[in-house]
Structures are given as structure tokens and as C-alpha cells.
1. Hey, can you tell me all the residues within the range 285-314 that are part of a helix (DSSP H, G or I), under 32 Å from the mean Cα position of the chain (by Cα) and among the small types (Gly, Ala, Ser)?
2. Based on what the data block shows, is GLU278 charged (D, E, K, R) and under 16 Å from MET352 (Cα atoms)?
3. Does SER162 meet the test of being in the same structural domain as ASP60 (by TED's automatic domain parsing), crowded, with 24+ Cβ neighbours inside 10 Å, closer than 21 Å to ASP60 by Cα and in contact (Cβ under 8 Å) with a residue 12 or more places away in the chain?
4. When the range 259-284 is examined, which residues are found to be surrounded by fewer than 18 Cβ atoms within 10 Å (Cβ to Cβ) and assigned to a helix (DSSP H, G or I)?
5. For ASP355, are the conditions met, namely being under 19 Å from MET248 (Cα atoms) and over 28 Å from the mean Cα position of the chain (by Cα)?
6. Please indicate, with yes or no, whether at least one residue in the range 330-345 is part of a loop (DSSP other than H, G, I, E, B), over 13 Å from the mean Cα position of the chain (by Cα), of a type outside the set (A, V, I, L, M, F, W, C) and modelled with pLDDT of 95 or more.
7. Determine whether ALA138 is among the aliphatic types (A, V, I, L, M), assigned by TED's automatic domain parsing to the domain that holds LEU26 and either within 20 Å of SER18 (Cα to Cα) or surrounded by fewer than 21 Cβ atoms within 10 Å (Cβ to Cβ) (or both).
8. Being modelled with pLDDT under 95, buried (at least 22 other Cβ atoms within 10 Å of the Cβ) and either part of a loop (DSSP other than H, G, I, E, B) or touching a Pro at 6+ places or on another chain (Cβ under 6 Å) (or both) is the filter here, so list the residues in the range 370-424 that pass it.
Amino acid sequence: MTTATENDLASYCAGVSSRAHAASRLLAGISGVVKNKWLIESANRIEQSQQRIMAANSVDLGNADQYGLTASEIDRLRLSPERILQIAIGLREIAALPDPVGEVIEGSTRPNGLQISKVRVPLGVVFFIYESRPNVTADAAGIAVKSGNAIILRGGKEAMNSSQAIVEVMQNAAADFGVPTDALQLVSTTDREAVGHFLKLSQWIDLVIPRGGESLIRRVVAEATMPVLKHYDGNCHIYVDKQADLAMSLRVVENAKCQRMGVCNALESLVVHRDVAEVFLPALAEQLATHPIEIRGDAETLRWLPSAVPATQDDWSREYLGPILSVCVVDSLDDAIQHINRYSSHHTDAIMTSDLAAARRFVALVDSSAVIVNASTRFNDGSQLGLGAEIGISTDKFHARGPCGLRELTTYKYVVYGDGHVRN
């Protein structure tokens, strides 16, 4: 498809979208029991297809240099037997979750006897644009179909072979269980213009979720003719308060930054109260020395860490996805809140403190999808918050915010039962 003419490309995108739309209608009549059986069988077959999937992933890894991937991007692309097992486990976890479709959110009986229910229903068709992480392919397909939605998967070209292998396994399982195979389709062209064609097809696509760089997201927002659920950068902060347990804070900061650097909920920016900076910052530098992490700090940080690099204005809002940490020293809790609200991407921000009043003020005033007290930013994750796998972490406020699991891919409709009622 990469050499297709513009008309051929438009026709291809329309075909994928119209088939997804038809599949979404069929999904509405498929029970949760059947969807769960498909998920479990898909998990089993992914484990059984480990060699095939690893071979496809090896092709993608072999192309990494020509695509100019960074070390963190290659890490996200790489599959191993353990990561393939985690993909299968993720699908089984989705199967174990309650099916949101048909859930009665609320209901009432009117004085005239009409029975009113507000019932959860699928969105329809989701167009999902995402980065080179093959595990996301399985997660997104599983969440979408379990919640009754068809999904069009537009993964990065860097992971095309890996994603194709995973989707084919899941489609084959779908065919055996009566789940429409067009409910999960991987866009087979790497032509970037395809995205523009899909964004025009609001008659078939109900929601687009872009998960990638800021330029991609801004393009999607500008061109989309359907609602967009945005997954912006993860410039995540931790504020170490003057009343923080410093030993605990060292462990949490190390975990948030170093446990896995190339993910959106990793720590990128540290804010430290002036009263503890003299003790905490040198201890932190020692704690991080084995990784190692480049610290970019303000003047007060450089006072206690002479080896740090002077931070620029741009550093405060950067998502590094690698071994760099910006550090700022502030005079008060309110200064920390002001700094975070100004520079955060509103993804995940945390406070380390033993002062309950400070924690409550931080939670109330920091405007992010997840605000955490005395724990790592790495916990803003669907599985860690009990949602199962997620399709992304929304930094939007409508219609969903934070990790987007099954319920976040649904809407609702009103169902009314009467007995010959007429309106006067």
C-alpha cells in the first residue's frame, strides 16, 4: 500500500472504516461470555505463537537503526518471552473484568409509571494511533472489543511486523468464536497521509485516540472531524515537601525515575522544598549514581549539586523519556503547586509529605489526571489502579481522564419502558 495513489489510499481508508463500522454493529449482539472466551483463547495462542511473534519483532529491531530509534524507543519496541507472557496475562486480566456493556448506571420510575434506565453502551469505532510498542496492540484490541467497540489500529511503522503478527493471532481466534474479524484491523500502509484520510471519516469513526508525540496530537486535533481523546506528554513531577520522610522520598524518586525511563508515567521533574534541599539533594545524587542520571537544576540546586547542569526554561516542561531529571527548589508548598501547574503536562504529579494538610492542599490544587501522595508516579497505570489493561492515559477532561480502560470506551443511552403511555 505504500505506493498507492491518493485515490487508492482514500479508498483503502474508507474500506477499513466502513468494515469496522459494520463490525461494531455485530459486536452489539455478542455476549460478554463470548468476548471473554475470545480473549482467553487469544492469550493462549499468543503464548503458543511466541517464536513467530519474536521472529517478526526481530525484523522490526533490525530496522531500528534506519528509523533512528533512541535507546528508550528500542526498549519499548523489543519483545522477549517475558514480555509476550505479559501480553497474554494482560488479555486474561481483561477477560476477568466485568463487562461494562449493558450496565445500568442509574434508573428510576416516574410518577406516571414510565421506567427510566441509563445504560452503558459502546462508543462504536475507535481509531487508535500509537507509538512503537507491540504490547499496546494487544491491549488496545482487547479493551476495545471487550467494551463492544471495533478498533482501527494505526501503529508506528517501526513495529509493523510485530503488530501484524499479534493482530493475525487475535483475528484467527476471533473467527473461531464468532467475533467479527473486522472489529480489530491493523492499518497496513505506512503512508502518513492515511491518517488524514481516516480523520475525515466521521460517518464511520466515533472517536480517535492519538498516543504519540505532541506534533502528531496537534495535527489530529486540527484535522479530526470526530471527537479526540488526547494522550499528551508525561512530564510528571514529584514534590518533596519540608515535612517529607526523606528516606522514603529517595526510594520513591528512584523508582519513579529509574524503574522504566521510557514510559509516560516516569518521573521527569523533581521539586524540592528549600528547607530539605541541603540534605536531600546530595543524598539523591548518591542514590542515583549507579544509573546514572543527568540532573538539570536551577541556581539553588546547583548550590548543593555543583556537578548538575544548569537548567533552561525549556527543561521545566520537557518529557525526557531517558536518564535526565530536572530539579527545582522552591520556598513553599504553594510555590511547588504553582510550578507544577505551570509546567506539568497534567498527567501524573505526586507529593512526598507527612503533613496531611499539605497533602490535601496539593491534591485539591494540582490539576492533573492523577495526583499521588507518598507513592511513585509509576502507579498511574490501568493495571495498577485496578482497571486492567488500558488504551492510554488521557490528559483531557472530556469524556475521560486518566487511565482509559473498559468503562472509558463506553457512553450511555436512556432506555424507557412504558405500557401504552402517551404524553398529555
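The values are calculated or read from the model by the stated rules, or taken from the named source; none is laboratory data. Note that the structure is a prediction, hence the values are computed from the model and not measured. Cβ: placed from backbone, ideal geometry, glycine included. Neighbour counts: every protein chain shown.
1. The answer is ALA285, and nothing else.
2. Details: charged (D, E, K, R): yes; under 16 Å from MET352 (Cα atoms): no.
No: the conditions fail for GLU278.
3. So SER162 passes the test.
4. Passing the criteria: ARG274, ASP275, GLU278, VAL279, PRO282, ALA283.
5. yes
6. yes
7. No: the conditions fail for ALA138.
8. Hits for the range 370-424 are ASN380, GLY382, GLY388, ALA389, GLU390, ILE391, GLY392, ILE393, THR395, CYS404, GLY405, LEU406.
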